[in-house]
Amino acid sequence: MEEEKKALFQRIQELKRRHNAVILAHNYQSEEVQDAADFVGDSFELSRIAAQSGADVIVFCGVYFMAEVAAILAPDKIVLLPEILAGCPLADMITSETLREKKKQHPAAMVVTYINSPAVVKADSDICVTSSNAVSVVNSLEAEEVLFVPDMNLGSFVAGQTDKRVILWDGYCVTHHRVRPADVAAARASHPDAVVMVHPECRPDVVKTADYVFSTGGMIKFARETEHKKIIVGTEMGLIYRLQKENPDKQFYLLSQGLICPNMKFTNLEKVYKALETLQPRITVPQPIRDLARRPLELMLVAV
Ligand code: 13P
């Protein structure tokens, strides 16, 4: 088995060279996919790498909207999503039609769209954000009213840190939304000397009980820099692998066993290999949508 995996790794490396490809993996990907990737990161980091990459082919190991973002920011490159069915239930909780209806109700509001959304929705937005820059982006806007879509939990987190009026959308990440304050209490009881960090996609009552709130990239940075040796992690379980690998002297505990995103786990080494071999499945975004979605994404990339 190990030998088989090693051979597959090798063949992936060969194909990568042949096609001048780069493999990007989100922090939630499986261990083997993270190990095969050139870059592992959060949504913001991976978008920036996709936009700046000199590769001809981007293999995006993540979910559909992430590959779409790469296709928008790097339209001259071939963008592959090794598992075409890797979607995002949160992104599916908004459409351009439902957004347009809501915009009519709040004509003065600027539309701030979380990157976990379809390209057509981004195309109808003023600016995009990731969890790592949502608060600073909203605070930097001139408008007094913001329509924040589609994650109501991230939107509530932002609302707590701005004077602006934040109108929320009725969407959520099914994985993070599953966590309850009782899970935090149980984890603290099991690991009394650990601190708790959670992702802002968690419910407000969970965020309130945590010690720290970070994007996945923020969690990586915090774990590296903190003096704390024991950390309870309130985000998708894939992050634990990287945290533990980069910080062997520290202990990380998953906040709840429910923190698994099946879509992120659809991708495996075999599918990465097959994608590179066939240069399929390819993700493209129709040009009119691409042109409209590009600006809000570029504004996101220059916002700190
Ligand atoms: P970040 O990696 O940007 O924290 O986002 C997590 C996420 O929601 C991925 O779907």
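The values are calculated or read from the model by the stated rules, or taken from the named source; none is laboratory data. It should be emphasised that the depicted structure is a prediction, and the values quoted were computed from it without experimental measurement. Cβ sites come from the backbone with ideal geometry, for glycine too, and all protein chains shown count toward neighbours. Just the protein is used for accessible areas: all its heavy atoms, side chains included, with ligands, DNA and RNA removed. Shrake-Rupley method; radii C 1.70, N 1.55, O 1.52, S 1.80 Å.
Counting only DSSP H runs of at least 4 residues, each contributing -39500 (n - 2.57), and dividing by the residue count of the chain, the helix-based mean residue ellipticity at 222 nm comes to -13000 deg cm²/dmol. Given a Förster distance of 30 Å, report the FRET efficiency between ASP205 and ASN20 from their Cβ-Cβ distance, rounded to the nearest 0.05. About 0.05, to the nearest 0.05.
Treating the beta-carbon of each Lys and Arg as +1 and of each Asp and Glu as -1, no other charges, what is the dipole magnitude of the chain about its Cα centre, to the nearest 20 debye? Working shown, then result.
Details: 34 positive and 39 negative charges, 22 e Å.
The calculation lands at about 100 debye.
If the chain linking SER136 and LYS221 were pulled fully straight, counting 0.36 nm for each residue of separation and taking away their Cα-Cα distance, it would gain 28.8 nm.
Could you provide, to the nearest whole Å², the per residue accessible area of the chain with probe 1.4 Å? Let's see the in-between values first.
On the way: 13270 Å² over 304 residues.
Solvent-accessible surface per residue comes out at 44 Å².
The fraction of Cα-Cα pairs per 20 angstrom bin, counted from 0 for the chain, comes to 34, 57, 9 percent, rounded to whole percents.
Just to verify a number: FRET efficiency for GLN287 and ALA143, C-beta to C-beta distance, R0 = 45 Å, to 0.05?
For R0 = 45 Å, the calculated efficiency reads 0.95.
Between the C-alpha center of segment 126-179 and that of segment 34-69 there is a gap of 23 Å.
Projected onto its three principal axes, the C-alpha set of segment 88-192 covers 48, 29, 21 Å, listed from the longest axis down.
Share of segment 5-47's accessible area from carbon and sulfur, percent, 1.4 Å?
Values: 860 of 1800 Å².
C and S fraction of accessible area: 48 percent.
For the chain, modelled as a GNM whose springs connect Cα atoms under 10 angstrom apart, the maximal fluctuation among ARG18, ARG180, ARG282 occurs at ARG18. Under the criterion of Cα pairs below 8 Å and six or more residues apart, the relative contact order for segment 134-215 equals 26 percent. Each Cα pair of segment 240-304 feeds into the Kirkwood radius, which the Stokes-Einstein equation turns, at 25 °C and 0.890 mPa s, into a diffusion coefficient of 150 µm²/s.
Counting only protein heavy atoms and using a 1.4 Å probe, what share of the accessible area of segment 152-304 belongs to carbon plus sulfur, as a whole percent?
On the way: 3980 of 7300 Å².
Heavy-atom surface of segment 152-304 belonging to carbon and sulfur, 1.4 Å probe: 55 percent.
When the Gaussian network model of the chain links Cα atoms closer than 10 Å, the mean-square fluctuations of CYS261, CYS128, CYS61 top out at CYS261. Relative contact order of the chain, taken over Cα pairs closer than 8 Å and 6 or more residues apart, is 24 percent.
For the chain, the antiparallel share of DSSP beta bridges with both residues in that region comes to about 5%.
Counting only C-alpha contacts under 8 Å and six or more residues apart, can you give the relative contact order of segment 166-304 as a whole percent? The partial results should precede the final answer.
Values: 146 pairs, mean separation 29.0, N = 139.
Over segment 166-304, the number comes to 21 percent.
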